[in-house]
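Read through the structure below, which is laid out as structure tokens, and then see the notes.
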Amino acid sequence: MSGPDRSAIPLARRRRAAEWFVTRSLTYLVAVVLALFVVAPIYLIFVAAVTPRELAFAYPRALIPSEISTETISFFLNASGVVPSFWRSVQVAVITLAIALSIGAPAGYALARYAFRGRETYRLTVLSTRAFPIVILAIPIAVTYIRWGLDDSVIGVAFMHTALALPFTVLITSSVFMSVPRDLEEAAQTLGCTPLQAFLKVSLPLALPGLAAAAIFTWVLSWNDVFAAAILTLTNQTLPAKILSALTQSPIYYQFAAGFVMLVPSLVVIFFIRRYLLGLWGRVVK
């Protein structure tokens, strides 16, 4: 009775090594392409923003600027009403983030932990609200805001942004809470914790990646939104609405500076939240 062909073992190992190398190379290639797809526009906007005004129309544009000037960004920040609009956008985004997480996280936990009649229908209904075109609601929303005295105010825009972000906040947090084993909470309760303590000490820390993802999404949605701010504000405009109102009358270097200033706060928020999103995600998966 003949044994296995030992000469075929090194060949099989080399084949597996080659397959592993090809798979890993393709993975890195896709990651690099996706990174360039995201980073390249940000870098080009940065280059255009720090390019001196006299070189704004130069062609071809150098990928690495020979001169760096903050004159364009300073010109944009010193323009009338830009700084107040910037701080109004920050206020709106912070209020939106607080309200959306305060409502969306408990709702997501309820969807994940409790079985009730119509749960799947409710989940689908929450998602379908984002499929409804908000443009056709512009006039009714504006009229309602005027009647309620919420028009042209920070809190009014924050309420509108909360309505836009809340469906995704609920769905994201519910998915994460589903990934946290309920047995962990029950084990904590057997050791003397109340249901609230079990949630705060066990489920909430493990759900931080989902809350971080929801926070990033909510912040970016609020910060970049121009439609709601444009129809609900007139004198107290947020930064996107302010830029939109002056965009067609502005020189090209003003537009690049505006784009760069709009990018920076979102990048800063994502940078600080990423540690929760990347560092804790493995715990939820496990």
Segment 200-246, subset polar (S, T, N, Q) and more than 16 Å from the chain's Cα centre (by Cα), residue surrounded by the fewest Cβ atoms within 10 Å (Cβ to Cβ)
235
Of all residues in segment 76-108 being touching a residue at least 60 places away in the same chain (Cβ under 8 Å) and of a type in the set (Phe, Trp, Tyr), the one that is nearest to residue 237 (Cα to Cα):
86
Answer yes or no as to whether residue 62 is small (Gly, Ala, Ser), surrounded by 10 or more Cβ atoms within 10 Å (Cβ to Cβ) and outside any helix (DSSP H, G or I).
yes
Would you confirm whether any residue within segment 49-59 is aromatic (Phe, Trp, Tyr), part of a loop (DSSP other than H, G, I, E, B) and touching a residue at least 24 places away in the same chain (Cβ under 8 Å)?
yes
Wholly within segment 166-253, helices (runs of 4 or more DSSP H) carrying at least 2 residues that are polar (S, T, N, Q):
182-190, 208-224
Here are 130, 113, 119: which of them is among the charged types (D, E, K, R) and under 21 Å from the mean Cα position of the chain (by Cα)?
130
Which one is nearest to residue 234 (Cα to Cα), of the residues in segment 171-201 that are among the aliphatic types (A, V, I, L, M) and touching a Lys or Arg at 6+ places or on another chain (Cβ under 8 Å)?
171
By residue number, the members of segment 121-142 that are free of Cβ contacts under 8 Å to residues at least 40 places away in the same chain and either basic (Lys, Arg) or under 14 Å from residue 178 (Cα atoms) (or both) are 130
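Quick note: the coordinates plus some simple rules give every number you see, no bench work behind them. Predicted, not measured: the structure shown is a model, and the values here were computed from it. When we count neighbours, we look across all protein chains shown, and the Cβ atoms used for this are built from the backbone with ideal geometry, even at glycine.
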